[in-house]
1. What pairs can you find where one residue is in segment 154-182 and farther than 13 Å from Ala200 by Cβ, the other is surrounded by 12 or more Cβ atoms within 10 Å (Cβ to Cβ) and modelled with pLDDT of 90 or more, and their Cβ atoms are less than 6 Å apart, with a gap of 6+ or different chains?
2. How many residues, within segment 178-226, are of a type in the set (Asp, Glu) and either more than 27 Å from Val406 (Cα to Cα) or in contact with a Lys or Arg (Cβ under 9 Å, 6 or more places away or on another chain) (or both)?
3. Filter segment 409-426 for residues that are out of contact with any helix residue (DSSP H, G or I) (no Cβ under 8 Å at 6 or more places or on another chain) and buried (at least 21 other Cβ atoms within 10 Å of the Cβ) and give the result.
4. Tell me yes or no: at least one residue of segment 284-295 is in contact with a strand residue (DSSP E or B) (Cβ under 8 Å, 6 or more places away or on another chain) and of a type in the set (A, V, I, L, M).
5. Could you check segment 121-163 and list, in sequence order, the residues that are under 26 Å from Gln40 (Cβ atoms) and small (Gly, Ala, Ser)?
6. Against the conditions (1) within 6 Å of the ligand (Cβ to nearest atom); (2) β-branched (Val, Ile, Thr); (3) surrounded by fewer than 17 Cβ atoms within 10 Å (Cβ to Cβ), where does Val89 fall short? Just the number, please.
7. Output the residues belonging to segment 67-86 that are of a type in the set (Gly, Ala, Ser), surrounded by fewer than 16 Cβ atoms within 10 Å (Cβ to Cβ) and assigned to a loop (DSSP other than H, G, I, E, B).
8. Can you find even one residue in segment 150-168 that is β-branched (Val, Ile, Thr), at pLDDT 90 or above and closer than 17 Å to Ala224 by Cβ?
Amino acid sequence: MSQQEKSPPIVAALGGTAEPPVSGTTVDILPRVFREAVAQADIAISITDVAANILYVNPAFERVTGYTAVEAVGRNQSALSAKATPASVYGDLWRQIRAGAPWSGRLVNRRRDGGEYLADLMITPVLDAEGRIGNYLGIHRDVTEMHRLECQVNNQKALIESVVDSAPVAIALLDGEDCVVLDNHEYKKLMGDLGMTEPASVILDAVRADLGHGLGAARDGAQAFADREIRVDRPGGKPPRWFSCTGTWVRSVDEGADAFFGRQDSLYLLLIAREITQQRAQQEKARMAALQALMAEENRVSSLRESLSAALFQIEGPLNVLSSVVAMQDRRGRQDPTSDALTAALRAGQQVLETLRRAIPERSDETAAPTNVNELLRDVLDLSTARLLAAGVTVNWKPQAVLPAVQGHPIGLRAMFKALVDNALEAMNTKGWQTRELTVVTRSLLGAVEVCVEDSGPGIAPELHLKVFEPFFSTRAGAGHHAGTGLATAQQVVADHGGMIGIETATTGGCRMRVVLPTRRAEP
Ligand code: FAD
C-alpha cells in the first residue's frame with residue numbers, strides 16, 4: 001500500500017494543493033489556517049502513517065533535522081535514530097501509541113549531517129472517523145543545550161552537596177521561621193550528639209540573646225553575625241561543647257509559578273557552626289587554675305569578713321549597754337566615782353569597734369558583664385568535685401542546653417552559688433546520713449534565668465525559711481561551723497542583681513534553694 005493510499009486526507013490537507021476557501025466562514029478558512037499554523041510553527045512537526053513512514057514535515061522539522069521535506073517524506077522516522085536510545089524506550093513508545101495513547105520522552109537523534117542531538121518528542125495517535133489509528137503526529141524540539149545546562153546544574157549541585165557534606169563544620173540553611181530547609185552531614189551528627197531535634201534554632205536563640213538585639217536587617221550576602229562563641233551545656237557529667245557560629249543571609253528565588261513574573265525572593269539564613277570545644281578546653285584548664293586561686297583568696301577574705309563582722313556584732317551588744325549606763329550617769333550629773341572609768345571604757349570599746357570595722361575587707365567592685373549562669377554553676381561543681389566525691393554525694397547536673405546571659409557580676413554570683421552548694425553539701429555530710437544527692441537545674445523563664453540547688457539532706461523547717469536569711473543566724477551555729485552569714489550574703493548578691501532567692505522543701509524532704517535572676521537589669 002502506498003503512502004498516498006494510506007493517508008490521503010493529510011496529504012490533501014497539508015500538501016499545499018488545497019484550494020483557497022470559497023466563502024469567508026470560519027469552517028471554510030479552517031483547513032488553510034491549520035495548514036499555515038502547522039507550516040509556520042516554530043517546532044518540528046511530522047505526520048506519519050501507522051508504520052512511522054513520514055507523510056509530512058514542516059519547515060521547522062527541516063531546520064532541526066537538516067532533511068528537506070522532499071528528502072524526509074517517504075522515509076521512516078527511524079532515519080532520525082542515532083542508535084543510542086535503548087530498545088526498551090522504543091518498545092515503550094510503540095506499546096503506548098499503538099494503544100492509542102500519546103507518548104512523550106527523550107530520544108537521541110541524528111541529523112542529516114551526522115550530528116547528534118537530544119530530541120524532546122511527543123507522539124499523538126490521530127484517530128479516523130471509525131476510531132482507528134490512521135496516523136501519528138510527532139512534535140519534537142532539540143533540547144541538547146537545555147539538557148547540557150540541566151546536567152551542569154545537577155553536577156554542580158552534586159558537587160556542592162558533597163563539598164558541603166564533607167565540610168568539617170555543621171551547616172544549616174534556615175527559613176524565616178527558623179526551620180532547617182537544608183543541612184549537611186556534620187549538622188545531622190550534631191543533632192544525634194546533642195540529642196536535639198533542631199540544634200540550629202537553639203544556637204540561634206543563644207546568639208539572639210547574646211546580641212541583645214535582633215539579627216539586624218536581612219540583606220543578601222550580609223553577615224547576620226560572625227564568630228559568636230556559643231556554649232551548649234549537656235546534662236549529666238558530660239562537658240559543655242563550644243561552637244563558633246557565623247550567620248549569613250542568602251537569597252533564594254521563589255520557585256512557584258505565581259512568582260514567575262512578580263519575583264518574590266526569600267531570604268534564608270546560612271548558619272555555620274564550627275566546634276571549638278578542644279581549643280576551649282585548653283583555655284578552660286588555665287581558667288580553672290586561675291579560678292581556683294581566686295576562689296581560695298575570695299574564701300579567705302570572706303571568712304575574715306565573716307569573723308570580723310561576727311566579732312563586731314558580739315562587741316556591739318555589751319558596748320550598747322555600757323553606752324546606756326554612761327548616758328544615764330551623765331543625766332544624773334556623774335556623782336558616781338566609776339563614771340569616768342566607764343566613759344573611758346566606752347570610748348576604748350568604740351575605738352576598738354571602729355578599728356575592727358576598718359579592718360573588714362571591702363567587697364571587690366566588679367563591673368557587670370553578660371554572664372552565663374550555666375558556666376558559673378559548672379565552675380562551682382568542678383571546684384567542689386573533690387569534696388562532693390569525698391562525701392559520696394551524687395550530682396545531678398541538669399542545665400538548660402543554652403541559657404540567655406545574665407547582666408551580672410560573675411565573681412559575686414559564683415561565690416553565691418558556691419555558698420549554696422557548700423550549704424547543701426554540709427547538710428548532707430552528717431554521720432549516718434544515707435541519701436546524698438545534689439541536683440542543680442537551670443532553665444530560662446520569661447526575661448529571667450532560674451537556678452535550683454536541691455539537696456537530699458534534712459531540710460530546713462518551714463518556720464525558719466525566712467529566718468535563715470538573717471545575718472548571724474545559723475541552724476548549725478552551735479556546732480561551731482560558721483557564723484551564719486552565708487545566706488544573708490547570698491541574698492544581698494541576688495538583690496544586687498535585681499533577682500530573688502527563696503527556700504522550698506524538696507520532695508526528698510531536703511532543701512531547694514531557688515534563685516531567679518533577670519536577664520536584663522532594670523535601669524536604676
Ligand atoms: P526498529 O527496528 O524500528 O524498532 C525498535 C523497537 O520499536 C522494536 O522493539 C519494535 O518492537 C518497536 N517498533 C518499531 N516499529 C514498530 C511498529 N510499527 N509497531 C510496533 N512496534 C514497533 N525514533 C527516533 O529515533 N527519533 C525520532 O525522532 C522518532 N520520531 C518518531 C515520530 C513518530 C510520529 C513515530 C510514530 C515514531 C518515531 N520514532 C522516532 C520511532 C521510530 O519509528 C523507530 O521506532 C525508532 O527510531 C527505532 O528505530 P530502529 O530502526 O532503531 O528500530
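1. Close Cβ pairs satisfying both conditions: Val164/Ile171; Val164/Asn184; Asp165/Asn184; Asp165/His185.
2. Result for segment 178-226: 5.
3. Hit for segment 409-426 is Ala424, nothing else.
4. Taking every residue of segment 284-295 in turn, none turns out to be in contact with a strand residue (DSSP E or B) (Cβ under 8 Å, 6 or more places away or on another chain) and of a type in the set (A, V, I, L, M).
5. Within segment 121-163, Gly134, Gly138 meet the criteria.
6. (1)
7. Gly74, Ala84
8. No: zero hits.
The values are calculated or read from the model by the stated rules, or taken from the named source; none is laboratory data. All of these numbers come straight from a predicted model, not from anything done at the bench. Glycine gets a Cβ as well: all are built from the backbone with ideal geometry, and neighbour counts include every protein chain shown.
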